[in-house]
Amino acid sequence: MTPRIAVTLGDPRGIGPEIVEKALAQAPPADWVVIGERGAGSRERAGMEVRRQVETAVRMAMSGEVEAIVTGPAEKAALHAAGVPYPGHTEWLGALAGGVPTAMMLAVPGLRVVLATTHVALRQVPDLLTIPRLVSIGTITRSALINWFGIPEPRLALCALNPHAGEEGAFGDEDDRVLRPAAEMMEATGPLPADTVFVKAMRGVFDAVIAPYHDVGMTAVKVAGFGRGVNITLGLPFIRTAPDHGTAMDIAGRDLADPSSMREALTVAVELVGRRQGFA
């Protein structure tokens with residue numbers, strides 16, 4: 001059965017409309033429902049347009065009109081100006097879907113990384129890394145790997161927070177005090193130092209790595225496959241993917257935007273819908 005998938009253009013001032021058009025020309029077969037309007041405008045108007053796009057797409061997904069949504073890039077400041085009180089799409093989509101817990105996965109060929117914390121200041125990360133939070137992220141990840149990716153017995157790794165996983169407390173006690181018991185409870189290996197865990201995952205030892213903060217996870221993904229990364233929101237009752245980059249307003253309207261990541265996001269959405277329908 002041909003999947004029906006909603007695609008939002010994203011911020012009309014950015015490269016979203018351009019990369020959606022380019023990517024759809026090379027996308028796998030699907031009934032693509034494009035949501036959004038082109039054109040510039042103020043930051044608040046752009047934010048309101050993105051808000052309309054996303055809320056429309058979620059309503060369609062929740063009602064069963066589409067099996068998945070793919071979202072174009074949006075500027076967080078514009079969303080905040082439009083009254084969206086969330087740090088990013090991941091938390092916002094969870095709220096729109098009824099308050100379900102979510103997690104952000106970044107995927108490139110050979111590597112899947114899930115962020116335990118997303119868009120927060122680095123100094124806040126240690127306080128946010130609680131055992132319940134990590135276990136919840138691990139549970140969401142394991143469920144998605146089983147039900148969306150078809151991996152019956154997922155192998156999870158937990159990336160350490162501190163250098164050398166704390167070196168037995170010499171560089172901080174969070175890895176021994178918080179991350180290690182959380183890893184045991186979620187049946188994950190770790191915490192393993194950041195300078196080795198992603199290499200092991202790319203060699204096939206792990207199916208996904210849970211990263212303690214945004215930049216350590218995002219850096220690994222973008223070094224492993226810049227331009228091919230896909231953002232996947234785990235925990236939702238529907239599939240959502242997105243490119244792994246922002247609005248790039250400095251090149252918008254100049255026909256310079258690379259649609260590779262958006263094309264991957266469209267392809268992954270089709271693949272995940274296919275697997276999900278196969279399990280139904």
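The values are calculated or read from the model by the stated rules, or taken from the named source; none is laboratory data. Quantities reported herein were computed from a predicted structural model and do not represent experimental measurements. All Cβ positions, glycine included, derive from the backbone under ideal geometry; neighbour counts span all protein chains shown.
Pick from the stretch 229-280 the residues that are touching a His at 6+ places or on another chain (Cβ under 9 Å) and more than 11 Å from Ile19 (Cα to Cα): which of them is surrounded by the fewest Cβ atoms within 10 Å (Cβ to Cβ)?
Only one residue fits best here, namely Gly229.
Would you confirm whether any residue within the stretch 129-151 is in contact (Cβ under 8 Å) with a residue 24 or more places away in the chain and over 26 Å from Arg240 (Cα atoms)?
Yes, because at least one residue in the stretch 129-151 is in contact (Cβ under 8 Å) with a residue 24 or more places away in the chain and over 26 Å from Arg240 (Cα atoms).
In the stretch 104-117, which residues are farther than 20 Å from Arg51 by Cα and crowded, with 17+ Cβ neighbours inside 10 Å?
First, pick out the residues of the stretch 104-117 that are farther than 20 Å from Arg51 by Cα: 105-117.
The answer is Met105, Leu106, Ala107, Val108, Leu111, Arg112, Val113, Val114, Leu115, Ala116, Thr117.
Considering the stretch 83-99 alone, what residues qualify as being modelled with pLDDT of 95 or more, out of contact with any Phe, Trp or Tyr (no Cβ under 9 Å at 6 or more places or on another chain) and of a type in the set (Gly, Ala, Ser)?
Gly83, Gly98, Gly99
Please count how many residues of the stretch 229-259 are within 30 Å of Leu192 (Cα to Cα), assigned to a loop (DSSP other than H, G, I, E, B) and among the hydrophobic types (A, V, I, L, M, F, W, C).
Number satisfying all stated conditions: 1.
Among the residues that make up the stretch 8-17, is at least one of them in a loop (DSSP other than H, G, I, E, B), among the basic types (Lys, Arg) and buried (at least 16 other Cβ atoms within 10 Å of the Cβ)? Walk me through how you get there before you give the answer.
Taking the stretch 8-17 as the starting set, the residues that turn out to be in a loop (DSSP other than H, G, I, E, B) are 9-15.
So of that shortlist, the ones also among the basic types (Lys, Arg) come out as 13.
From what's left, buried (at least 16 other Cβ atoms within 10 Å of the Cβ): 13.
Checking the stretch 8-17: at least one residue is in a loop (DSSP other than H, G, I, E, B), among the basic types (Lys, Arg) and buried (at least 16 other Cβ atoms within 10 Å of the Cβ).
Being among the polar types (S, T, N, Q) and under 30 Å from Val273 (Cα atoms) is the filter here, so list the residues in the stretch 124-180 that pass it.
Of the residues in the stretch 124-180, the ones among the polar types (S, T, N, Q) are 124, 130, 136, 139, 141, 143, 147, 162.
Hits for the stretch 124-180 are Ser136, Thr139, Thr141, Ser143, Asn147.
Collect the residues in the stretch 105-137 that are on the phi > 0 side of the Ramachandran plot and among the charged types (D, E, K, R), keeping them in residue-number order.
Filtering the stretch 105-137 down to residues on the phi > 0 side of the Ramachandran plot leaves 110.
Across the stretch 105-137, there are no qualifying residues.
For the structure I just gave you, tell me whether Thr241 is without any contact (Cβ under 8 Å) to a residue 60 or more places away in the chain, closer than 30 Å to Ile131 by Cβ and polar (S, T, N, Q). First the steps, then the outcome.
On the way: without any contact (Cβ under 8 Å) to a residue 60 or more places away in the chain: no; closer than 30 Å to Ile131 by Cβ: yes; polar (S, T, N, Q): yes.
Taking the combined requirement at face value, the residue does not satisfy it.
Condition check ((1) assigned by TED's automatic domain parsing to the domain that holds Thr118; (2) in contact (Cβ under 8 Å) with a residue 24 or more places away in the chain; (3) surrounded by 22 or more Cβ atoms within 10 Å (Cβ to Cβ); (4) assigned to a strand (DSSP E or B)) across all residues:
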| residue | (1), (2), (3), (4) |
| --- | --- |
| Val178 | yes, yes, no, no |
| Pro181 | yes, yes, no, no |
| Ile210 | yes, yes, yes, yes |
| Ala220 | yes, yes, yes, no |
| Gly227 | yes, yes, no, no |
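Trp92 versus (1) of a type outside the set (Gly, Ala, Ser); (2) surrounded by 15 or more Cβ atoms within 10 Å (Cβ to Cβ); (3) part of a loop (DSSP other than H, G, I, E, B): which is the lone unmet condition?
Checking Trp92 against (1) of a type outside the set (Gly, Ala, Ser); (2) surrounded by 15 or more Cβ atoms within 10 Å (Cβ to Cβ); (3) part of a loop (DSSP other than H, G, I, E, B), the one that fails is (3).
Of the conditions (1) at pLDDT below 95; (2) in contact with a helix residue (DSSP H, G or I) (Cβ under 8 Å, 6 or more places away or on another chain), Gly225 clears all except one; give me its number.
(2)
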